[in-house]
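Following: one structure in structure tokens, then a few remarks.
Rule-based calculations on the coordinates, nothing more; no lab input. A quick note: this is a predicted structure, and the numbers were derived from the prediction, not measured. Glycine also receives a Cβ, built like all others from the backbone with ideal geometry; neighbour counts cover every protein chain displayed.
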Amino acid sequence: MLKLVVYRVDEENCPLNDWGFNGQCYYFNANSMNFEDANTKCKALNHEFVTILGQKVQNYINWQAYGVESWIGIRLVNGNWQWNSNGEIVKPTFTNWENQKVPTDPAKACAIIDASKNGVWRAVSCTDIKMSICQMAAPQ
């Protein structure tokens, strides 16, 4: 008889349902909901929506969220895309917008990562129902 045992190695000391990477803990919420409800869920877990500031994190998130669309922490506010966690404007030094074009349609004021399409970011309506990704700094 063959018995398969799977161990989860977490080098970041993250909470049980989180995945640790690069000093952060990521929670992949498989329950689909709108942007505001997903944001509330992240906060209830003492997390924020995921902030993707570089290719390394982009690749990790895209790999973990393989094949699904998930909310990320970007919102269109007064014509500028801002990170939900700190209100900073999304800098053009790293983005992954679909077709490398920053969306401007105010009816599509929230962003997702589409892991079924190589992790491109897309603007969608904040009332759409999607999975979500939350993050927090890894406990010391």
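Points to keep in mind about this one:
- Theoretical gain in end-to-end length, THR104 to ASN78 [0.36 nm per residue, Cα-Cα removed]: 8.3 nm
- THR93, THR127, THR51 arranged by Cβ crowding within 10 Å, fewest neighbours leading: THR93, THR127, THR51
- Global geometry of the stretch 72-122, whether rounded, prolate or oblate, following the gyration tensor of its Cα atoms and the 1.5 cut on a/c: prolate
- The amide H of VAL68, built 1.01 Å from its N in the peptide plane, has ALA115, SER116 as neighbours under 5 Å, considering only residues 5 or more places off or on other chains.
- Using θ = phi - 60° in the Karplus curve 6.51 cos²θ - 1.76 cosθ + 1.60, the 3J(HN,Hα) couplings for the stretch 123-140 round to 8, 9, 5, 5, 8, 4, 9, 9, 6, 8, 10, 10, 8, 8, 5, 5, x, 7 Hz; x is entered for Gly and Pro.
- Relative contact order (percent, whole number), the chain, Cα cutoff 8 Å, 6+ residue spacing: 35
- Sorting the segments 99-108, 65-74, 82-91 by their mean number of nearby beta carbons within 10 angstrom, highest to lowest, gives 65-74, 82-91, 99-108.
- Long-range Cα-Cα pairs in the chain (distance over 17 Å), rounded percent: 59
- 3J(HN,Hα) along the stretch 53-62, derived from phi through the Karplus expression 6.51 cos²θ - 1.76 cosθ + 1.60 where θ = phi - 60°, amounts to 9, x, 5, 4, 5, 3, 5, 5, 4, 4 Hz, with x in place of Gly and Pro.
- Sorted by Cβ neighbour density within 10 Å, fewest at the top, the residues LEU45, LEU16, LEU76: LEU16, LEU45, LEU76
- The stretch 63-111 and the stretch 12-26: distance between their alpha carbon centers, rounded to Å: 23
- Residues in the stretch 33-38 carry Karplus couplings, in order, of 7, 6, 4, 5, 5, 5 Hz; the curve used is 6.51 cos²θ - 1.76 cosθ + 1.60 with θ = phi - 60°, and Gly or Pro positions show x.
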